[in-house]
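*Asks:* Please read through the structure below; I'll follow up with questions.
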Amino acid sequence: MDAIVSLCKRRGFLFQSSEIYGGFQGFWDYGPLGVELKRNVREAWWRDMVTSHDEYTAPDGAVSSFDMVGIETSIIMNPQVWKCSGHYDLFHDMMVDCRETKKRFRFDQIRGRWATNGEAEADENKRVFITTDAAPEEAVDDTERRAAEFYEVKKKYGKKFFAEDSTIETVDMSWLGPDAAAAGKSLDGVLALGASKVGTLTEPREFNLMFKTIVGALGTEEDAAFLRPETAQGIFVNFKNVCDSSRVKIPFGVAQIGKSFRNEITPRNFTFRSREFEQMEIEFFCHPDTSQDWYKYWRDRRMAWYKAMGLSDERLILREHDPDELSHYSTGTADVEYAFPFLDDGEYGELEGIAHRGDFDLRSHMEGKLDEKSNPLELQLDADGNPKWKGSGKDLQYFDDQTRERFTPHVIEPSAGADRATLAFLCEAYTEDEAPDDKGVMQKRVSLKLHPRLAPIKAAIFPLIKKLGMPETALGIYREMKAAGLNVIYSQQGAIGRRYRQQDEIGTPWCITIDGDTATDGAVTVRDRDTLEQTRVPVSEVTNEILSRLRG
Ligand code: ATP
């Protein structure tokens, strides 16, 4: 991972935000190559999901088509949207503060952490020293015994809990007694990272992840609004507008790509968990009777997309949530997960969630906030029995003019992160191998084996030397490719082997060299980044050759 992070900075894929001021945690800037890569990720998603595909094969084999349209909604919306969506009440993590160091931790990351007796080490893997009241000089055994008591560690899991490499990631809450994870209790004995004594942590409290802002000049609490934590709600609240204006018929999908913001307590793992990030979301509206088929369709299609874009089978999994992980309104959720190199072996990080959301969202925006725990869904009421958050009161049902049926559509939501996908493609592409240098001697090289559609630069055009008309021919090809819409570069500096390596490292799939033979045979050499194969292609055909290789 360190090698990837350093390449990203060195070659201009990603920079820390506001780096000259020391950065800003959880925020990132894409450099000249990064912006092309991410734009290609977005464009591949948009083209494959929205504009170029409309075919559906039903379980009985019948083939039909469906509509996909796009939308771009505002980042700041009427605050009532977040009350009815549930984000205002429920979109929070539990956090604790260290009174001494003023550091803030996510409760689920502090809870259950175990490190060895001794000095508290500022070692990420050891993290915290847990004991009820033990002084650091106490014997390990005694600390363990008391920690076991304190956490009600079940006997059979004792070994695992106290294993030397045991950390929050390896500790499973089911190893502990039922009360052990209760708020407060498990914190009294925690020595937080960097603190000089135990017991400096506050009680856990809710921390809403939405960024708050003030709209207008008055600046009162009534003017508070939120930066959206997901793009999805912009689609739901426009459901009626889209139906009325674009003549789409159910089943259809509405797609949106845009920035979302979450005040993550512990942003980390490069861009994987940021505070500002980009989502690529689809809300697919369908009839309740066929929603299960559509759920399966989208789950499988999204998984196939990541594979088609180059992620390997071995590092990608589709994880169906267990029935007890699902909310009442959902009959299925699956996550596409990737084995990022910053995770331990066997661990995966979420790239995308595909959820069957029933009619929960449209109904909440019609009637008011629904109770996600009640089955069937009921309106959430305040202490006086009135709706807690009122809906829009607008009719967000769908009328099928063929069957004359009026119903609230069910929704399948494939929700992906553009930054996480970009990071996964970068991680998968990073390769250290060998290639021959100018003298034919094998040398180590770094290459990014990105799918050509995603590669920031599609081809690099080189004159072998700076004379004999080679630069002129090369520039002619360069201009023709630019005019064809290809993002290509021209370079005449340095030995040819070095120029190849520079392109390998940024993922350019093809290098085109104009050499001494070009003047006589009218052809150039096209070198493939991955196979290193070199083929002669006539100058007049080279642009079409690259375009056709790109189409695959
Ligand atoms: P996590 O469990 O990792 O916090 P989540 O389940 O809260 O993610 P969703 O609300 O389902 O995520 O959001 C959909 C997608 O948006 C995620 O699969 C991910 O790709 C992306 N995403 C969510 N939070 C972040 C973040 N903080 N930084 C970057 N991408 C994110």
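*Asks:* If you check residue 310 against the conditions, is it under 29 Å from residue 211 (Cα atoms), in contact (Cβ under 8 Å) with a residue 12 or more places away in the chain and either more than 16 Å from the ligand (Cβ to nearest atom) or surrounded by 14 or more Cβ atoms within 10 Å (Cβ to Cβ) (or both)?
*Replies:* No, not satisfied.
*Asks:* Would you mind finding the one in 72, 119 that is over 18 Å from the mean Cα position of the chain (by Cα), modelled with pLDDT of 95 or more and in a loop (DSSP other than H, G, I, E, B)?
*Replies:* One residue alone meets the criteria, 72.
*Asks:* Same structure, new question: Just the residues that are more than 22 Å from the chain's Cα centre (by Cα) and either part of a loop (DSSP other than H, G, I, E, B) or of a type in the set (D, E, K, R) (or both), please, taken from region 75-85.
*Replies:* 77, 78, 79, 83
*Asks:* Quick one: would you say residue 245 is over 20 Å from residue 47 (Cα atoms), hydroxyl-bearing (Ser, Thr, Tyr), outside any loop (DSSP other than H, G, I, E, B) and more than 10 Å from the ligand (Cβ to nearest atom)?
*Replies:* The answer is yes for residue 245.
*Asks:* Residue check: is residue 246 crowded, with 22+ Cβ neighbours inside 10 Å and either over 17 Å from residue 414 (Cα atoms) or at pLDDT below 95 (or both)?
*Replies:* no
*Asks:* Counting just the residues of region 317-342 that are free of Cβ contacts under 8 Å to residues at least 24 places away in the same chain and of a type in the set (A, V, I, L, M), which one comes out nearest to residue 418 (Cα to Cα)?
*Replies:* 318
*Asks:* Across region 1-15, which residue is farthest from residue 31 (Cα to Cα) among those that are in contact with a helix residue (DSSP H, G or I) (Cβ under 7 Å, 6 or more places away or on another chain) and either aromatic (Phe, Trp, Tyr) or not in a helix (DSSP H, G or I) (or both)?
*Replies:* Looking at residues that are in contact with a helix residue (DSSP H, G or I) (Cβ under 7 Å, 6 or more places away or on another chain) and either aromatic (Phe, Trp, Tyr) or not in a helix (DSSP H, G or I) (or both), I get 11.
*Asks:* Within region 380-422, how many residues turn out to be within 14 Å of the ligand (Cβ to nearest atom) and either assigned to a loop (DSSP other than H, G, I, E, B) or open to solvent by 40 Å² or more (accessible area, probe 1.4 Å) (or both)?
*Replies:* Going through region 380-422 one residue at a time, the tally reaches 1.
*Asks:* Select from region 313-343 the residues that are more than 14 Å from the ligand (Cβ to nearest atom), of a type outside the set (D, E, K, R) and more than 24 Å from residue 378 (Cα to Cα) and list them in ascending order.
*Replies:* 339, 341
*Asks:* List the strands (runs of 3 or more DSSP E) inside region 423-477, counting only whole elements, that have at least 1 residues being polar (S, T, N, Q) and open to solvent by 70 Å² or more (accessible area, probe 1.4 Å).
*Replies:* 442-448
*Asks:* Scanning for something part of a helix (DSSP H, G or I), in the same structural domain as residue 403 (by TED's automatic domain parsing) and of a type in the set (S, T, N, Q), does region 292-306 turn up at least one residue?
*Replies:* yes
*Asks:* Does region 373-397 hold any residues that are touching a His at 6+ places or on another chain (Cβ under 8 Å) and among the aliphatic types (A, V, I, L, M), and which are they?
*Replies:* Of everything in region 373-397, those that are touching a His at 6+ places or on another chain (Cβ under 8 Å) and among the aliphatic types (A, V, I, L, M) turn out to be 377, 396.
*Asks:* Looking only at region 225-242, decide whether some residue is assigned to a loop (DSSP other than H, G, I, E, B) and more than 15 Å from the ligand (Cβ to nearest atom).
*Replies:* So far as region 225-242 goes, yes, one or more of its residues are assigned to a loop (DSSP other than H, G, I, E, B) and more than 15 Å from the ligand (Cβ to nearest atom).
*Asks:* How many residues are in contact (Cβ under 8 Å) with a residue 60 or more places away in the chain, open to solvent by 10 Å² or more (accessible area, probe 1.4 Å) and touching a Ser or Thr at 6+ places or on another chain (Cβ under 9 Å) if we restrict to region 507-532?
*Replies:* Of the residues in region 507-532, 1 are in contact (Cβ under 8 Å) with a residue 60 or more places away in the chain, open to solvent by 10 Å² or more (accessible area, probe 1.4 Å) and touching a Ser or Thr at 6+ places or on another chain (Cβ under 9 Å).
*Asks:* Now for a different question. Does residue 299 meet the test of being within 16 Å of the ligand (Cβ to nearest atom), surrounded by 15 or more Cβ atoms within 10 Å (Cβ to Cβ), within 29 Å of residue 62 (Cα to Cα) and over 17 Å from the mean Cα position of the chain (by Cα)?
*Replies:* no
*Asks:* Is it true that residue 346 is part of a loop (DSSP other than H, G, I, E, B), surrounded by 16 or more Cβ atoms within 10 Å (Cβ to Cβ) and away from the ligand (no atom under 15 Å from the Cβ)?
*Replies:* So residue 346 does not fit the description; no.
The values are calculated or read from the model by the stated rules, or taken from the named source; none is laboratory data. The model shown is predicted, which means the values in this text are computed figures rather than measured ones. Reconstructed Cβ throughout: ideal geometry from the backbone, glycine too, with neighbour counts over all protein chains shown. For accessibility, only protein heavy atoms count, side chains too; no ligands or nucleic acids. Shrake-Rupley method; radii C 1.70, N 1.55, O 1.52, S 1.80 Å.
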